[in-house]
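See structure below.
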Amino acid sequence: MSILSGTYNPTDEWLKEHLSGWVEKYEDGKVIATIRAHYRIINSPEDKKILEHEYYAGTTKKHFSKKAKEAIFYKAIYKDIFNSHLSLLTQSMPQSDVLMEIMLHFPNYQSELMFLAKVTKVDSDSELGRDVYYARLQALAVNQKTISKMIHTMSGQKA
């Protein structure tokens, strides 16, 4: 379901309609974190407009670098999403240069965080007799609605 359609509910729709996988964070060539993810590939014409959408327009790396200087929460997102080496592990092979919207699930916080990323490279491997694809990601923007919800959840308020 398109974010631009106006009937967009990121949590319910994602769980029902989108592909799943795992996002791994690498540091010094080693996996230091793995988190459950759901994702969708963003096709044309939405791919041309999504960064201008209200959920993403003010949350690019440039915006986060400024916010990271002001608040620890934004600093963590800036470091973990924009300045980390992230890969999406999936059994469905994505193409390089494709745009994806990815939802990370944080069970400890009962929350999700969505972000836009471009696939920069795809590698494959075989694990337990099945193909697994590692899509290297370059984060482009974070979904403002999920940031707000996460802040409310973490502060003990209902979103």
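The values are calculated or read from the model by the stated rules, or taken from the named source; none is laboratory data. None of the values given here were measured: they were computed from a predicted structure. Don't worry about glycine lacking a Cβ; one is built from the backbone with ideal geometry, like all the others, and counts go over all protein chains shown. These accessible areas exclude ligands, DNA and RNA; they are computed on the full protein's heavy atoms, side chains included. Shrake-Rupley method; radii C 1.70, N 1.55, O 1.52, S 1.80 Å.
Compute the accessible area per residue over the chain, keeping the other protein chains in place, probe 1.4 Å, unit Å².
Ligands and nucleic acids excluded, the result is 58 Å² per residue.
Check which residues have an amide H placed less than 5 Å from Ser84's amide H, if you skip close sequence neighbours.
Correct list: empty.
Using θ = phi - 60° and the Karplus curve 6.51 cos²θ - 1.76 cosθ + 1.60, what whole-Hz ³J(HN,Hα) does each residue of the range 115-120 get, with Gly and Pro shown as x?
Per residue, the Karplus-derived 3J(HN,Hα) values read 8, 9, 8, 9, 7, 9 Hz.
So, in nm, how far is label Ser96 from label Asp123 when the simple model puts each one 7 Å beyond its Cα toward the Cβ?
Spacing of the two 7 Å Cα→Cβ label points: 1.4 nm.
Suppose every Lys and Arg Cβ carries +1 and every Asp and Glu Cβ carries -1, with no other charges. What dipole size does the chain come out with about its Cα centre, to the nearest 20 debye?
620 debye
Residue by residue through the range 74-88, which ³J(HN,Hα) values in whole Hz follow from phi under the Karplus form 6.51 cos²θ - 1.76 cosθ + 1.60 (θ = phi - 60°), with glycine and proline marked x?
5, 4, 5, 5, 4, 5, 7, 9, 8, 10, 10, 8, 10, 9, 9
Ignoring the sites themselves, what is the longest stretch of the chain with no GluC sites (Glu not before Pro) in a DSSP loop and at most 15 other beta-carbon atoms within 10 Å?
71-159
Placing +1 on the Cβ of each Lys and Arg and -1 on the Cβ of each Asp and Glu in the chain, which of Leu19, Thr153, Val31 has its Cα farthest towards the positive end of the resulting dipole?
Highest projection toward the positive end goes to Thr153.
What length, rounded to one decimal in nm, is gained on full extension from His85 through to Lys69, with 0.36 nm per residue of separation minus their alpha-carbon distance?
3.6 nm
Find the all-direction average of the projected area of the Cα convex hull for the range 41-141, expressing the result in square nanometres with one decimal place.
7.5 nm²
Calculate one ³J(HN,Hα) per residue across the range 20-27 by plugging θ = phi - 60° into the Karplus curve 6.51 cos²θ - 1.76 cosθ + 1.60, and present them in order as whole Hz with x for glycine and proline.
These are the phi-based 3J(HN,Hα) values: 10, x, 9, 9, 10, 10, 10, 9 Hz.
Provide the FRET efficiency to the nearest 0.05 for the Glu46-Asn108 pair, computing r from the beta carbons and using R0 = 35 Å.
0.65
Considering only Ser111, Ser148, Ser87, give the residue with the highest GNM mean-square fluctuation for the chain, with springs between Cα atoms whenever their separation is below 10 Å.
Largest GNM mean-square fluctuation: Ser148.
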